[in-house]
1. Whenever you get a sec, compute what percent of the accessible area on segment 1-153 sits on carbon and sulfur atoms (1.4 Å probe).
2. So if we plug the beta-carbon distance of R82 and Q298 into 1/(1 + (r/R0)^6) with R0 = 45 Å, what FRET efficiency do we get, rounded to 0.05?
3. Quick one: accessible area per residue over the chain, 1.4 Å probe, rounded to a whole number of Å²?
4. Taking 0.36 nm per residue of separation and subtracting the Cα-Cα distance, what length does fully extending D166 through A433 add?
5. Taking the Cα-to-Cβ direction at H107 and at E334 and moving 7 Å from each Cα, how far apart do the two end points lie in nm?
6. What nm value, rounded to one decimal, do you get for the distance between E266 and I135 when each label is placed 7 Å out toward the C-beta?
7. Under the Karplus relation 6.51 cos²θ - 1.76 cosθ + 1.60, θ = phi - 60°, what is the ordered set of whole-Hz ³J(HN,Hα) values for segment 47-62, x standing for Gly and Pro?
8. Do any of K203/K350; K18/K203; K142/K207; K143/K207; K207/K389 go past 29 Å between their Cα atoms, and which?
Amino acid sequence: MTRADWVVERGDTQMELKELVASDGGWINPRIFSDEELYRAEQRAVFGHSWLFVGHLSQLPEPGSFLRVWMGEESVLVTRDRSGAVRAHLNACRHRGFQVCQEDRGHASRFQCRYHGWVYGSDGALIGVPGEDTIYYGEVDKKAWGLIPVRVEVYKGLIFGCFDNDAPALVEWLGDMAWYLDILLDRREGGTELLGPHRWRIKANWKVVAENHCGDEYHIGFAHGSNFPPDIGANRATPLPLAREIRPGLGHGLGANIYPDELAPEDWLGAAMPPYPAHVFDYLRASFDEAEKRLGRQRARISLIHGAVWPNLGMVPVFSTLRAIHPRGVNEVEMWSYCLVDRDAPPDVKAWMVSRSTTTFGPGGSFEQDDANNWSAVTRSSFGLQARKGRLNLQMGLGHEERSDRLPGELGLTASEINQRGFYRRWRQELEAAT
């Protein structure tokens, strides 16, 4: 029995977690990034009960389409069955547990395990057992031995899976975050499509990576200073005047530019850095009126910079980037980075967005290299016995959160740790609830 098991069984998790995350999120102990037992507890308490991003409807264009993805440390097969319904199952044969699908994506009417040949349909049903009538004597109850189902729901094209059948519905779980996701997903009648992914591994704890997407604009002028003009200013922590950090709910978070009514769309589109090429500028300006009609005047004038959906869906919308942050042990993540585009955008616009996403937040991207080094260094530092005796400060803006009658959630300046505090408060609550 591990210490994490003992903590849960004894009901002492709350006492343990009080020493790791402050009740207001104002400090954390670096041990949470390197403790193996806490990592195992997270697989049960967080990844075992959360809605986890697994794909996009555009990746399953027709019946028989499939994706092989991850939910925490579990391999999952996402399919469209013959009726067109989206389904998800553990990617493990019910005979010996071998993965029945070895390909990342494709089209198949059935899946045959390469170990002993058991066969499953796209709906997860067991449809064939070699030697069923001879060596099994006709006694295999195939209805009882299909692939283990995973609960699945779709929000405006994004597909999520959940292992917990008692968890709230996806839209309830997203809460006010859905209001902001619509800005990305519902601007045009045709919706969106997902292109990619690029995949690579980083020696970092998953929480270090996720919280950076959730709420860290403070680091941009320092960690990414080489990407900006030299006149960025002596005080690189100055809050952006038209932007805010927004906490729609604990664990979820984003940063956004909020443009006033008197500012014309071409003004803020023309101020993008680096500038949009003419064909992209023209497309974005031409589609604004449709976005305003669908989203309303307020949301059409919000441009998302970064964000995260608890626990591990990261976003960098300013660069059309969406990424799943998959844990691969206490000190490693596998990043799956996609480009999210309007489905009906012209091909040359999509191509430019993919190129920009890759060169900034791809595996060799100018921003990604800076971030990966930082995330790895934070994780590596957390293994030190002396480092674990101290605490890390997350108090920027604590007690200065605001609310607006025009925007759901709590607001802070761009130089604020409102979302990091929410992220770690959610983490503590999820582990406490596991008791």
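The values are calculated or read from the model by the stated rules, or taken from the named source; none is laboratory data. For clarity, every value in this text was computed on a predicted model and none was experimentally measured. Counting neighbours? That spans all protein chains shown, and the Cβs are built from the backbone with ideal geometry, glycine included. Only protein heavy atoms, including side chains, enter the accessible area calculation; ligands, DNA and RNA are left aside. Shrake-Rupley method; radii C 1.70, N 1.55, O 1.52, S 1.80 Å.
1. On the way: 3520 of 7420 Å².
The value for segment 1-153 is 47 percent carbon and sulfur by accessible area.
2. On the way: r = 43 Å, r/R0 = 0.95.
E(calc), rounded to 0.05, equals 0.60.
3. Normalised by residue count, the accessible surface of the chain is 44 Å².
4. Details: separation 267, 0.36 × 267 = 96.12 nm, distance 1.37 nm.
Taking 0.36 nm per residue and subtracting the Cα distance, the gain is 94.7 nm.
5. Result for the modelled spin labels: 2.6 nm.
6. Distance between the two pseudo-spin positions: 7.4 nm.
7. Result, ordered by residue: 6, x, 10, 8, 7, 10, 5, 10, x, 9, 4, 5, 7, 10, x, 7 Hz.
8. Values: K203/K350 31 Å; K18/K203 27 Å; K142/K207 41 Å; K143/K207 40 Å; K207/K389 19 Å.
Exceeds cut-off: K203/K350; K142/K207; K143/K207.
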